[in-house]
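Trainee: Mind looking over this structure? Questions follow.
The values are calculated or read from the model by the stated rules, or taken from the named source; none is laboratory data. Keep in mind it's a predicted model, so treat the numbers as computed, not measured. Reconstructed Cβ throughout: ideal geometry from the backbone, glycine too, with neighbour counts over all protein chains shown. These accessible areas exclude ligands, DNA and RNA; they are computed on the full protein's heavy atoms, side chains included. Shrake-Rupley method; radii C 1.70, N 1.55, O 1.52, S 1.80 Å.
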Amino acid sequence: MRKTIVLIIQIILLVLFLRSSFAQHFFGDAAKQVLTWFESVSSLPERQQIMTLRDTFMRNNMSLKPHQVDYVIEVTETVESINKFYQLYCVKDDKNPYIYGANLKKFCNDIADSELLISS
């Protein structure tokens, strides 16, 4: 009987603690950290494919100027930006002020050969 009462009191105290703003704040931050960690782990294969695309394009391309390298890094930051670039400059053949000519053709081919394009 005494153990049952102690157990009930412990449960009540636990419920009261979990409903407190301190507990919600503490566990809320932990939940955000777990979510951030999970998202970073789930995006790891995508990041590796992006790094492979960058490496493939820049490895044998010594004709790029520093501002062009910065632009390629910016364009290849996310899969969405890669797809936007590909649709605008490779499919619709719009003019790009940073990458043009043989560099643009090679970059478009490298993107097409990668597994990063999203079917629309």
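Trainee: Using the alpha-carbon atoms, what tilt in degrees (0 to 90, nearest 10) does helix 44-59 show relative to the longest principal axis of the chain?
Mentor: Long axis of 44-59 versus the principal axis of the chain: about 20 degrees.
Trainee: What accessible area per residue, rounded to a whole number of Å², is obtained for the chain using a probe radius of 1.4 Å?
Mentor: Result: 77 Å² of accessible area for each residue.
Trainee: Under the rule of -39500 (n - 2.57) per DSSP H run of 4 or more residues, summed and divided by the residues of the chain, what mean residue ellipticity at 222 nm is obtained, to the nearest 500 deg cm²/dmol?
Mentor: -23000 deg cm²/dmol
Trainee: Right, here's the next one. Taking 35 Å as R0, compute the FRET efficiency from the Cβ-Cβ separation of S20 and E77 and round it to 0.05.
Mentor: That gives a FRET efficiency of 0.30.
Trainee: Tell me the angle of helix 101-113 to the major Cα principal axis of the chain, expressed in degrees between 0 and 90 and rounded to the nearest ten.
Mentor: Taking Cα atoms only, the helix is inclined about 40 degrees.
Trainee: Using θ = phi - 60° and the Karplus curve 6.51 cos²θ - 1.76 cosθ + 1.60, what whole-Hz ³J(HN,Hα) does each residue of the range 7-16 get, with Gly and Pro shown as x?
Mentor: 5, 5, 5, 5, 5, 4, 5, 5, 4, 4
Trainee: Among I8, L64, T36, whose Cα lies farthest out toward the positive end of the dipole of the chain, if unit charges sit on the beta carbon of Lys, Arg (+1) and Asp, Glu (-1)?
Mentor: After comparing all options, I get I8.
Trainee: Tally up the carbon and sulfur contribution to the accessible surface of the range 1-112 as a whole percent, 1.4 Å probe, everything protein left in place.
Mentor: For the range 1-112, the apolar C and S fraction of the accessible surface comes to 64 percent.
Trainee: Compute the long axis of helix 66-75 from its Cα atoms, compare it with the longest principal axis of the Cα atoms of the chain, and write down the angle in degrees, 0 to 90, nearest 10.
Mentor: 50
Trainee: What order, most packed first, do the peptides 7-17, 57-67 have when packing is the mean number of other Cβ atoms within 10 Å of each residue?
Mentor: Highest mean packing first, the order is 57-67, 7-17.
Trainee: A follow-up question, please. State the number of lysine pairs found in the chain whose Cα atoms come within less than 20 Å, restricting to pairs 8 or more positions apart or on distinct chains.
Mentor: 11
Trainee: Identify which of the listed values of semi-axes √(5λ) of the Cα gyration tensor in Å was calculated from the structure shown: (i) 29, 19, 11; (ii) 62, 15, 13; (iii) 54, 13, 13.
Mentor: (iii)
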